[in-house]
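I have placed the structure first, in the form of structure tokens, so that the comments after it can refer back to it.
We did not get these values from a lab; they are worked out from the coordinates using the rules stated. A quick note: this is a predicted structure, and the numbers were derived from the prediction, not measured. Backbone-built Cβ (ideal geometry, glycine too); neighbour counts: all protein chains shown.
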């Protein structure tokens, strides 16, 4: 997940006071990252118990039931915005970090904080998670690890995000060096937030780009571990974050600026559930093509995502900046461990779900219980790991 901005220390009292106020105003961003991390864990928990999507262990498969409908709606809504939100926040902190550190230090830091966790997951946590999940189907843990090793399987799991962010960071540096502004200032220059027409037009453009990409790479198809079918919004939101930092848009954002996007999201949101219901009535979600091509479900899904995403992201930003921007020791503890939780949650979630496998309870109840236990376990396990020598430099 994205790194928060480093503190710029100075002996000039007025500047220091101004910076302290700025840092306090930005406390909500770290808390948003923590909440989004919880949503990631719950998202994968929902897939475990019957929502569609890729994961290591499935206790239940998607079905044309009310439970299946609700879980599908939950993960579809999450998918529309939460990873794009991560990219937006990552982009927001990228230019300031680059300008403070310079190209060499910035890229070295990216390789350390993103590359090392990615390699750790590929070579350790990914195979470990697959091996644990394989035991649910009576396969040997060690035989599974041996098979993965022999076939040189590369498993990036949810660390696809840091893989993509590492690529985005390198591309940004390559573009910035010859074409962007010089590394001469860490100050943003406030400019007016774009009008409602720009918000709506950008959603149409991103939806059209997503639909175009999915003609060649449908949703669910990985290319080097990345689902490129979703990358139209990811690239746009990462770039938007960079521009938002430069123009100081996050601190200027008010409800009046986002009103049209929020209304559009509210109008769009029920359209996908209606489409899912129609698809289920006609033989199940898998009978309708939402992932690619020019079928009506595919067209609807491609445009539905950005319209929902813009409104959802605006609501989260405004709500947290207004209500969750005061100092809190507990939030600080959660925030500092959120990135590590994101990295380690797959084997922990799989273990918790396997431990509760014999518990006969409705799927929705198991999602809540398993998700709560997995989140609690992740943060408790992350705490001692973070105290290991050198861990804080990486996570």
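A few remarks follow.
- Stokes-Einstein translational diffusion, region 24-98 - Kirkwood Rh over all Cα pairs, 0.890 mPa s, 25 °C, in µm²/s: 178 µm²/s
- Highest mean packing comes first when the peptides 376-383, 172-179 are listed by Cβ atoms within 10 Å, giving 376-383, 172-179.
- Cα→Cβ-extended label distance, 7 Å offset, between residue 251 and residue 392, nm: 2.7 nm
- Protection proxy ranking of 70-82, 144-156 - average other beta-carbon atoms within 10 Å, highest first: 70-82, 144-156
- Each residue in 105, 43 was given a count of other beta-carbon atoms within 10 angstrom of its own, and listing them fewest first yields 105, 43.
- Max mean-square fluctuation residue, GNM over the chain, Cα-Cα springs under 10 Å, options 311, 50, 220: 220
- Measuring nothing but how far apart in sequence close Cα pairs (under 8 Å, 6+ apart) lie, relative to its length, region 13-394 scores a relative contact order of 29 percent.
- With bins 10 Å wide beginning at 0, the percent of Cα pairs of the chain falling in each bin runs 5, 21, 32, 28, 12, 3, 0.
- Inter-label distance, nm, simple model (7 Å from Cα along the C-beta direction), residue 174/residue 201: 2.9 nm
- Label point distance in nm, residue 123-residue 147, each placed 7 Å from Cα along Cα→Cβ: 2.4 nm
- Pairs of alpha carbons in region 261-395 whose separation is greater than 28 Å (percent): 48 percent
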